[in-house]
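Student: Take this structure, written in structure tokens, and hold onto it; I'll ask about it next.
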Amino acid sequence: MRNLMLCTLAGLLSPALVWAQSTKEEIHKLKDEIAALQKENARLKNELARIRPLEQLQGQWKPVSAEVGGAAVRFAPGQRFHVKGNIQTTLLDGKPFGDATRLDIDATADPKIIDWIRPNGEVMEGIYKLEGRRLILCFQREDGVKNRPLTFETKRGDNRLLLVYEKED
């Protein structure tokens, strides 16, 4: 009788053990899937943090001031800076003036990075910051030099360009 009870008990336990093992395997699979999703979520958050600031640059910007190599320069009357998508166009009296450039930004860097990429592939490396409705840009004027500014200033002979724009409604 005892053997019969043990056999019956073993027969009942066997499916329970199989179920527990399969559940354990499923839990491991789910943990792996969760880890993969967390990794992809982190990647997407980083990408969004990098490109979302481009939305803040959209629209038309009125020049406030400019400086080259430590000296103030003037903008042409009626000049504007216009951003649509990742394309920057200079406007003069509401019409495109010169070549449009492609913007590439990285807002996760400190200072934030902005590059103007000309149609011929030349790159003007710069940094930017937004202060309220003001956009402040500083560029190394020599294309492809890999000498990105680290501060928002120019000095005599440094061949840097400092631009300040204000957002128009």
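The values are calculated or read from the model by the stated rules, or taken from the named source; none is laboratory data. Just so it is clear, the structure is predicted and the values come from calculations on it, not from any experiment. Because the Cβ atoms are built from the backbone with ideal geometry, glycine has one as well, and the counts that use them run over all protein chains shown.
Student: Report those strands (runs of 3 or more DSSP E) wholly inside segment 18-98 carrying at least 1 residues which are aromatic (Phe, Trp, Tyr), touching a residue at least 24 places away in the same chain (Cβ under 8 Å) and in the same structural domain as residue 119 (by TED's automatic domain parsing).
Tutor: In segment 18-98, the matching strands (runs of 3 or more DSSP E) lie at 59-68, 79-84.
Student: So which residues in segment 84-99 are among the basic types (Lys, Arg) and exposed (fewer than 11 other Cβ atoms within 10 Å of the Cβ)?
Tutor: Quick first cut of segment 84-99, residues among the basic types (Lys, Arg) only: 84, 95.
Hit for segment 84-99 is 95, nothing else.
Student: Only one of 155, 146 is more than 24 Å from the chain's Cα centre (by Cα), basic (Lys, Arg) and outside any strand (DSSP E or B); which?
Tutor: It is 155.
Student: Somewhere in segment 69-83, is a residue of a type outside the set (Asp, Glu), surrounded by 17 or more Cβ atoms within 10 Å (Cβ to Cβ), closer than 30 Å to residue 45 by Cα and modelled with pLDDT of 95 or more?
Tutor: Within segment 69-83, one or more residues are of a type outside the set (Asp, Glu), surrounded by 17 or more Cβ atoms within 10 Å (Cβ to Cβ), closer than 30 Å to residue 45 by Cα and modelled with pLDDT of 95 or more.
Residues checked against (1) among the aromatic types (Phe, Trp, Tyr); (2) part of a strand (DSSP E or B); (3) in contact with a His (Cβ under 8 Å, 6 or more places away or on another chain):
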residue: 110; (1), (2), (3): no, no, no
residue: 113; (1), (2), (3): no, yes, no
residue: 120; (1), (2), (3): no, no, no
residue: 139; (1), (2), (3): yes, yes, no
residue: 142; (1), (2), (3): no, no, no
residue: 150; (1), (2), (3): no, no, no
residue: 163; (1), (2), (3): no, yes, no
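Student: Of all residues in segment 118-135, which are surrounded by 17 or more Cβ atoms within 10 Å (Cβ to Cβ) and either outside the structural domain of residue 85 (by TED's automatic domain parsing) or of a type outside the set (D, E, K, R) (or both)?
Tutor: Selection gives 123, 124, 126, 127, 128, 135.
Student: Turning to a different aspect of this structure: Do you know which residues across segment 134-146 are modelled with pLDDT under 95 and over 17 Å from residue 104 (Cβ atoms)?
Tutor: Keep residues of segment 134-146 that are modelled with pLDDT under 95, which gives 139-146.
Those that are modelled with pLDDT under 95 and over 17 Å from residue 104 (Cβ atoms): 141, 142.
Student: Tell me whether segment 21-39 contains one or more residues that are modelled with pLDDT under 80, closer than 26 Å to residue 110 by Cβ and of a type in the set (S, T, N, Q).
Tutor: So far as segment 21-39 goes, no, none of its residues is modelled with pLDDT under 80, closer than 26 Å to residue 110 by Cβ and of a type in the set (S, T, N, Q).
Student: Right, next: Here is a list: 160, 148, 156, 141. Which entry is closer than 21 Å to residue 70 by Cβ, in contact with a strand residue (DSSP E or B) (Cβ under 9 Å, 6 or more places away or on another chain) and surrounded by fewer than 13 Cβ atoms within 10 Å (Cβ to Cβ)?
Tutor: 156
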